[in-house]
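The values are calculated or read from the model by the stated rules, or taken from the named source; none is laboratory data. Everything numeric here is computed off the predicted structure, so don't read it as measured data. Here the Cβ is made from the backbone with ideal geometry for all residues, glycine too, and neighbour counts use every protein chain on show.
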Amino acid sequence: MAIDSALLAALAPTGVLRASINTGNPILARPDAQGQAVGVSVDLAHALAERLGVALKLLVVDAAGKSVDVVSQEQADIGFFAIDPRRAASISFTEPYVLIEGYYLVRNDSPIRSNADVDRAGNRVVVGKGSAYDLYLTRELQHAEIVRAPTSPAVVQTFLETHCEVAAGVKQQLEADAANVSGVRLLGERFMVIRQAMGVPASRGAQAAAYVVGFVEDMKASGFVAQALQRHGVTGVTVAPAIKNPGAIVSRLSGHA
């Protein structure tokens, strides 16, 4: 299908689709043995570039906040991040393509037994700077102190080195770190569902945003996202449900409703 020239100029103004890829969230992307980024977000970026008929350039970063900055500043044309109202000022989001759970980790001898015990004076919660759960917990926690690690993969190390009371993060990342560290445990319930989506700079306009919304819905409905997760060995996440009427959303964003 031919792509409208104005749409192509909005999505890939340099003639190449520049995709920001965050390897700080290994559920979405990680370095392979050769140091190249691989994962579901990389596969989606390739699929979109192929659909647009342009080459793909990956801009790889190690933290969600950096990925947001790259797209907000239009150094990249698309990115992959969790939906958050603070980010929506500069980024137009699709609906989510996967749902990830945020969990807390504490020491085995910690008196903290449930999520309700976390938000208390004297507790320090380590988060990845600029991550979705950093933004969420900064809004939600009223009494506990937020301590920011430079990246999400550095959260548990920072938690241990600073002797903080709680580490927060993506469940799978915490589980992987806990397997290599003695004397820690995850609490038994999630504190949030992280809605991972694609996004484009808001300045690119409604037509570009609408096109990417439709693309993500196609990728979910076709089984592409589920197959990519399986191919990369990602477990414990859910493919986000399809929206009921993507055509209506696309029409509204495109200004045709």
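Residue-level check: of (1) assigned to a helix (DSSP H, G or I); (2) touching a strand residue (DSSP E or B) at 6+ places or on another chain (Cβ under 9 Å); (3) of a type outside the set (G, A, S), M198 misses just (1). When each of G122, G79, G39 is tested for being touching a residue at least 24 places away in the same chain (Cβ under 8 Å) and surrounded by fewer than 20 Cβ atoms within 10 Å (Cβ to Cβ), the lone residue that passes is G122.
Return yes or no: is I112 of a type in the set (A, V, I, L, M) and without any contact (Cβ under 8 Å) to a residue 40 or more places away in the chain?
Details: of a type in the set (A, V, I, L, M): yes; without any contact (Cβ under 8 Å) to a residue 40 or more places away in the chain: no.
No.
Of everything in segment 67-76 that's in contact with a strand residue (DSSP E or B) (Cβ under 7 Å, 6 or more places away or on another chain) and closer than 21 Å to V155 by Cβ, which residue is surrounded by the most Cβ atoms within 10 Å (Cβ to Cβ)? Out of the qualifying residues, it is S67. Which members of segment 203-234 meet the condition of being in contact with an Asp or Glu (Cβ under 8 Å, 6 or more places away or on another chain) and of a type in the set (A, V, I, L, M, F, W, C)? Listed by number, the residues that qualify are V213, V216, F224, A228. G233 passes every criterion in (1) in contact (Cβ under 8 Å) with a residue 60 or more places away in the chain; (2) over 30 Å from L7 (Cβ atoms) apart from (1).
Is it the case that segment 140-150 has a residue that's free of Cβ contacts under 8 Å to residues at least 60 places away in the same chain, over 26 Å from D69 (Cα atoms), touching a Lys or Arg at 6+ places or on another chain (Cβ under 7 Å) and among the small types (G, A, S)? Yes, segment 140-150 has at least one match. Of the residues in segment 20-34, none is at negative phi, small (G, A, S), exposed (fewer than 15 other Cβ atoms within 10 Å of the Cβ) and in contact (Cβ under 8 Å) with a residue 40 or more places away in the chain. Among the residues of segment 12-32, those identified as assigned to a loop (DSSP other than H, G, I, E, B) and either charged (D, E, K, R) or more than 17 Å from the chain's Cα centre (by Cα) (or both) are A12, P13, T14, G15, D32.
From the list L59, L48, the lone residue that is assigned to a strand (DSSP E or B), aliphatic (A, V, I, L, M) and either buried (at least 19 other Cβ atoms within 10 Å of the Cβ) or at pLDDT 95 or above (or both) is L59.
Can you tell me which residues in segment 209-223 are more than 18 Å from the chain's Cα centre (by Cα) and either aliphatic (A, V, I, L, M) or in a helix (DSSP H, G or I) (or both)? Walk me through how you get there before you give the answer.
So the first thing to find is which residues in segment 209-223 are more than 18 Å from the chain's Cα centre (by Cα), and the list is 210-211, 214, 218, 221-223.
A210, Y211, G214, D218, A221, listed by residue number.
Could you tell me whether V237 is modelled with pLDDT of 95 or more and in contact with a strand residue (DSSP E or B) (Cβ under 6 Å, 6 or more places away or on another chain)? Criteria not met by V237.
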